[in-house]
Each structure stands twice: as C-alpha cells, then as structure tokens.
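These notes are about the structure you will find just below.
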Amino acid sequence: MTQRVTVSLDDEAQTALETLVAETNAGQSEVVRRALAFYAANFDAAERQPSDNLEQYYRMLASGEHVLLDVDFLHAFLEYSYAGGDPDPEFVDAADRVSDYHAREYADRFSGVGELLEWLSFCGFLEVRGAEGGVYHVVFPSESICWFMTRFIERSTVRIGTKLEVERGVSKAIIVEEDRETASDAA
C-alpha cells in the first residue's frame, strides 16, 4: 500500500531532486523513496559528526594520491623485494626517492616525529606502544615492514628539525627524537 505525502522543498532540495531524477531516469516519487531509504539506513552517519579517521580517509582517497591496499599485498611486495636475501637495490632506490620526496612535504606538515608516527599509525603501517620524552616504542606488522618503515621515517624526517636515532629489533624499533639544536649543543 502506498501513501501520499506532500512535501515543501526549498531551492536546494528542488535542485537536488531534479538532478537525481535526471541522473537516475526514475520518477520523483521513486527518487524520494530511495532517498528516504538511504537516509534511514545511514541515519547515524548523517546525524553525527563524522569521525576524524573517516574524514582523514576521505581526504586521502579523494585526492587520488593514496589508495586502499590490503595489508597482505604490502607484505607480498616487501617479501618479494627481499627475495634472495637483501632488498633489491632498484626497489631500495625507488623507495628512497619516495622518502626523499616526502621529506620536502613533511618539513611543513609535521613539527616532530611523534606527529609523523601518529599519521603512519593511522595509515596502518605501525603502532606506537609507548612515547615519553621523545622516545617512541614502535611495533610493526613484520620484519620487512619494520625495515621499510624505519628507513622511510629516517629519510622523510631529515627536514623537520629533529635528529633521530633508530634502534631496530625484528619487528619493533625504538626511535629517539632530539631537537637538532639540542643535539648539536651536546656534541
């Protein structure tokens, strides 16, 4: 059984309805029914402020600069680059070029390694298990990701005004950050 409803539309809603009717080739009633069903199914997301993570993911994906990647693919890529022992030199060169590019970007974006580690944690590369006084205890999903990401962190932070000391374990690392001026004064 269908029921009739009279609705008043402002200019924005009228334009939206006309656009959706044109794009879907459906009648106004069908578009309104679909819109109501969609709103009901997504009510929580529509009524609440999106989480910071959701907004970050959206910005990353919308720019076209980042993609979602199954973690197994990342492991496969890194394990393949290790095939036969040490990482393939061509892979290392390419990864270093990416790191060096990010160093320019990160000079203005992050004020210290803590902010970068938070960003990389959000991206799923690592987890910071402890941070105190510029000392970060970082856990990685695997040995190859530990090698890859600590190398990336060392190279991509050269312009943010801090000096890093990285002590790698198998899949963990301790990263110590010092202000470059403080480190120079101590030397």
- Query: Looking at L164, L78, which one is touching a helix residue (DSSP H, G or I) at 6+ places or on another chain (Cβ under 8 Å), in contact (Cβ under 8 Å) with a residue 40 or more places away in the chain and assigned to a helix (DSSP H, G or I)?
  - Reply: L78
- Taking region 107-122 as the search range and keeping residues that are touching a helix residue (DSSP H, G or I) at 6+ places or on another chain (Cβ under 9 Å) and not aliphatic (A, V, I, L, M), which one is surrounded by the most Cβ atoms within 10 Å (Cβ to Cβ)? F110
- Query: Which members of region 78-91 meet the condition of being surrounded by 15 or more Cβ atoms within 10 Å (Cβ to Cβ) and among the aliphatic types (A, V, I, L, M)?
  - Reply: L78
- Message: Residue under question is V158, and the condition is that it be assigned to a loop (DSSP other than H, G, I, E, B), among the β-branched types (V, I, T) and within 27 Å of A76 (Cβ to Cβ); does it hold?
- Response: no
- Query: Quick one: in region 92-106, which of the residues that are acidic (D, E) and within 20 Å of E79 (Cβ to Cβ) is surrounded by the fewest Cβ atoms within 10 Å (Cβ to Cβ)?
  - Reply: D93
- Task: For R168, work out the one condition from (1) at pLDDT below 90; (2) surrounded by fewer than 20 Cβ atoms within 10 Å (Cβ to Cβ) it doesn't fulfil.
- Result: (1)
- Pairs, first assigned to a helix (DSSP H, G or I) in region 14-28, second exposed (fewer than 11 other Cβ atoms within 10 Å of the Cβ) and modelled with pLDDT of 90 or more, C-beta under 8 Å, six or more apart: V21/G27
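The values are calculated or read from the model by the stated rules, or taken from the named source; none is laboratory data. Bear in mind that the values here come from a model prediction, so they are computed numbers and not experimental data. Backbone-built Cβ (ideal geometry, glycine too); neighbour counts: all protein chains shown.
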